[in-house]
Amino acid sequence: MDKLIIKNGLIFDPVNKIEGEIIDILIEDGKIVDKHSSQSDIKEIDAKGKTVIPAAVDIHCHVASQQLNFSRLLGTNNKKFQATWNGLTLNNIAQDYISNGYTLILEANVFPSLSKTTVFDFKNIPILDKAMLINVSNLWPLELEFQRGKIEDIAIFIQDLLRKVKGFGIKVYNPFENEFDWNYSSYREDLSKSGRLFNFNALDVYENITKCVEFLGLPHSSHAHIEGYETEQAKTNLISVLKRINSSDIKKNNRLSRNQIFHIAHASAYNIDGDNTELIKIVNQTNKFDLDLGFLTFNDINPLITSDKRLIEKENKGNGNHLIREAIEFEGDTFIIFREFNKKNRIHAIIWANALELALKIEDKWKVQLNVNFPNYGNIIDIPKIASWLMSTDARNNFIDSLDSNFPSKAFLQSVSNYLTFNDFVIISRASPAKSLGMGKSKGNLGLGADGDLNILNININEIDTNKDIEQVKRALIDIDYVIKAGNIIKKKEKIDLSYQGKIFWFNGKTETKDSSFIMSKKKEFYQKYYSIFYDSQNNLIEDIYLREMS
């Protein structure tokens, strides 16, 4: 059994309310323990004068999908793409995440029939633990259940589907919008409007899937992309959805450790007027919601992987870049294009500022998760730069000076004196995303029984003022001394060991009813009649060595 001790380190572990205390961390067999089974063969790291924190968690990214393969295809002869993203190869993605302290990532949007591609990529991404969200919000086989609010029937189908594809949770994404206009020439203007082929609306789907997730007790809540992001319609749509969920009778499953019942993806993208007042008010007033920030970092070029018709049509006008558009029968649409963000573009500046304002103004940092909507808004290697904006008023103001002079929150951001503490940063980058995913006992903390995933930073946080000495913090985050994964040293200084294999987290539900067999037989029959694949062909056969089951 592998044994490791990290001695004399300055520990920041918000889950266990440890903020800057010198404590030894012992790891055996991949888990944090109070003592080793024996005193032989123990590897030792002396972390005196250094800071020890849990490994980071990315709650929303796009790293393993057919769409990412299309991005690579589009970028084959694009010199700017190759220089910025190193081809977006799986090894390079893993290496960049590890270099920035990450050991767990969540692929945020997978159509069920395309999950085999995601599993293939997962198996070839070294080191990192990973999980995927399955997009079921456009599935025709669930039309009748959405219409009638038959939560248990939806749950039986979703549970079986997650077992088959080895999915972790559920993504809600533009429910049935593609049914409004198959030619992409018009858009749904009202989420409460029923479709021409079905007698329910998008708000019904958001609510029913959220009820289903709580009924099943999935580790993570329903995880939502609200349609129209980066357009004026997005704000109206977002508030409509949040008010519907907030006013419903949905109750969190009591056996779950997370607080929220609804997760808002890339929350920076919805209020392009720069006014986040209502969103912040709603999140501050209730525990039903949490959100990831979706920080925009102004890379030279970014792949855009989306199923949002409004956004892709806006980006495709006059862009001059090639577009790949794909319709996956009755599962949904997807689009891939390249784009370039500009600091002098008012909308782009607003999206950047929205993320910062949400991080500062949402009172409970456990409702906030740091991410860059990789690779849509930023590269994971930009995290140290983002940390400087969050923890230092000077770093923030220096960057603001480079942006468009007219974005609405500029005056507020330049005048506000508050900033995140280092402990806040550990919460939003590690403890909060782990908790939101329902993994708070195993990830994002350094308590007994947690996975032995941690970072050692070459800095003593207690001896500096992070607001004034932010360059020291930034350097420590850019060049993390050690990254430990399950007790294994996978990064030491500049050396990274990619020989280890992470796990695929998946949910194996136990909910059964007397009608389960009948419900699934009818769904399989639907696939046989109306789809080009059989339902059971979606079964992903994965060796146990790759899997980590949650139930």
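Would you check which residues across segment 346-375 are in contact with a Cys (Cβ under 9 Å, 6 or more places away or on another chain) and part of a loop (DSSP other than H, G, I, E, B) and list them?
Step one: of segment 346-375, the residues in contact with a Cys (Cβ under 9 Å, 6 or more places away or on another chain) are 371-375.
Selection gives 371, 372, 373, 375.
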Across segment 352-383, which residue is farthest from residue 297 (Cα to Cα) among those that are among the polar types (S, T, N, Q) and under 16 Å from the mean Cα position of the chain (by Cα)?
369
Please work out which residue is modelled with the lowest pLDDT, limiting yourself to segment 303-345 and to residues that are touching a strand residue (DSSP E or B) at 6+ places or on another chain (Cβ under 9 Å) and part of a loop (DSSP other than H, G, I, E, B).
319
From the list 294, 195, which residue is farther than 20 Å from residue 151 by Cα, at pLDDT below 95 and part of a loop (DSSP other than H, G, I, E, B)?
195
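So that you can scan it fast, the table gives a plain yes or no per residue for (1) touching a helix residue (DSSP H, G or I) at 6+ places or on another chain (Cβ under 6 Å); (2) modelled with pLDDT of 95 or more; (3) under 30 Å from residue 550 (Cβ atoms):
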| position | (1), (2), (3) |
| --- | --- |
| 376 | no, yes, yes |
| 386 | no, yes, yes |
| 395 | yes, yes, no |
| 401 | no, no, no |
| 408 | no, no, no |
| 414 | yes, no, no |
| 421 | no, yes, no |
| 426 | yes, yes, yes |
Determine, yes or no, whether residue 76 is crowded, with 20+ Cβ neighbours inside 10 Å, under 30 Å from the mean Cα position of the chain (by Cα) and of a type in the set (S, T, N, Q).
no
Can you name the residue in segment 429-466 that is part of a loop (DSSP other than H, G, I, E, B) and over 27 Å from the mean Cα position of the chain (by Cα) and, of all such residues, is surrounded by the most Cβ atoms within 10 Å (Cβ to Cβ)?
459
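Can you tell me which residue within segment 193-239, out of those that are of a type in the set (Phe, Trp, Tyr) and within 18 Å of residue 177 (Cα to Cα), is surrounded by the fewest Cβ atoms within 10 Å (Cβ to Cβ)? Talk me through it step by step, then tell me what you get.
Taking segment 193-239 as the starting set, the residues that turn out to be of a type in the set (Phe, Trp, Tyr) are 198, 200, 206, 215, 229.
Retained after the next criterion (residues that are within 18 Å of residue 177 (Cα to Cα)): 198, 200, 206, 229.
Details: 198: 16, 200: 19, 206: 24, 229: 27.
Filtering segment 193-239 for residues that are of a type in the set (Phe, Trp, Tyr) and within 18 Å of residue 177 (Cα to Cα), the one surrounded by the fewest Cβ atoms within 10 Å (Cβ to Cβ) comes out as 198.
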Out of all the residues in segment 221-237, is one or more modelled with pLDDT of 95 or more, β-branched (Val, Ile, Thr), outside any loop (DSSP other than H, G, I, E, B) and more than 21 Å from the chain's Cα centre (by Cα)?
yes
Cβ-Cβ below 9 Å, separation at least six or inter-chain, first residue in segment 504-527 and under 29 Å from residue 122 (Cα atoms) and modelled with pLDDT of 95 or more, second among the β-branched types (Val, Ile, Thr) and part of a helix (DSSP H, G or I): which pairs?
504/119; 506/165; 520/156; 523/156
Among the residues listed as 118, 76, the single one being closer than 26 Å to residue 441 by Cβ and of a type in the set (Ser, Thr, Tyr)
118
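The values are calculated or read from the model by the stated rules, or taken from the named source; none is laboratory data. Since we're looking at a predicted model, the values are computed, not measured. Neighbour counts run over all protein chains shown; Cβ positions are idealised from the backbone, glycine included.
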